[in-house]
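Down below is the structure, laid out as structure tokens.
The values are calculated or read from the model by the stated rules, or taken from the named source; none is laboratory data. Just so it is clear, the structure is predicted and the values come from calculations on it, not from any experiment. Please note: Cβ atoms are built from the backbone with ideal geometry, for glycine as well, and neighbour counts cover all protein chains shown.
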Amino acid sequence: MKVLIPAAKIQERIAELGAEIDRDYPGGEPVYLIGVLKGACIFLADLARATNVPARIEFIGISSYGKGKSSSGEVKVTKDLDVSVEGHHVIIVEDILDTGLTLSYLVKLMAQRKPKTLRIATFLDKPDRRQSPVQVNYVGFKIPDEFVIGYGLDYAEDYRNLKDVCVLSQ
Ligand code: 5GP
């Protein structure tokens, strides 16, 4: 296992993202941070504390039918939102943007809920792997096409609690 992004660098970048969100939502209205379970939970917890906007925290559960390390693009909602976000600011908070299939699906789904604004924050972005274009507003780090774990990201449910982002070798 090799460290790709150390914990201190993660925290520095999240402080910057928090400041960007502060600048983008000056109105004092609530902003729904919608975390995609389970990988985004740690990023969401840190991002929510890095911004001063009145954040409301919700989660959505998604299962993609991909096996092992790849995503198939077939997505199913396993846990829906508990609230209506109609007329509210929404930021979808995702752990990693890879092919883009999951986020493309989620953006369509959330747009149907008629939010006032809809933006996307992703902790990591692997631009080389994109199959479906997704417009992202807040990106933590762009990374090369390697399978990463830690800071919420798992391999077969392990390693989510690592403080650093690491590359998992075969
Ligand atoms: P996409 O639909 O963009 O291909 O896939 C996004 C999802 O694939 C992420 O939410 C994550 O669950 C999984 N994924 C993609 N790349 C990685 C990776 O490098 N590490 C881990 N742990 N999951 C990944």
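Evaluate the following for G27: is it modelled with pLDDT under 95, away from the ligand (no atom under 16 Å from the Cβ) and loosely packed, with under 14 Cβ neighbours inside 10 Å?
The answer is yes for G27.
Among (1) touching a strand residue (DSSP E or B) at 6+ places or on another chain (Cβ under 6 Å); (2) closer than 26 Å to N161 by Cα; (3) more than 13 Å from the ligand (Cβ to nearest atom), which single condition is L47 missing?
Among (1) touching a strand residue (DSSP E or B) at 6+ places or on another chain (Cβ under 6 Å); (2) closer than 26 Å to N161 by Cα; (3) more than 13 Å from the ligand (Cβ to nearest atom), the lone unmet condition for L47 is (1).
Residues to consider are I14, I62; find the one that is β-branched (V, I, T) and within 15 Å of the ligand (Cβ to nearest atom).
I62
Taking only pairs six or more apart or across chains, which ones have beta-carbon atoms under 7 Å, a first residue in the range 125-140 that is modelled with pLDDT of 95 or more, and a second residue that is acidic (D, E) and assigned to a strand (DSSP E or B)?
What qualifies is V136/D125; V139/D125.
Across the range 82-99, which residue is modelled with the highest pLDDT among those that are acidic (D, E) and away from the ligand (no atom under 16 Å from the Cβ)?
Ranking the candidates gives E86 first.
Could you grab the pairs with beta carbons closer than 6 Å, sequence gap of 6+ or different chains, first residue in the range 12-29 and under 17 Å from L44 (Cβ atoms), second one among the charged types (D, E, K, R)?
Close Cβ pairs satisfying both conditions: I14/D46.
Taking the condition within 10 Å of the ligand (Cβ to nearest atom) and either without any contact (Cβ under 8 Å) to a residue 12 or more places away in the chain or among the hydrophobic types (A, V, I, L, M, F, W, C) (or both), does L118 pass?
The answer is no for L118.
Is it the case that some residue within the range 38-59 is crowded, with 16+ Cβ neighbours inside 10 Å and more than 17 Å from the chain's Cα centre (by Cα)?
The answer is yes; a qualifying residue exists.
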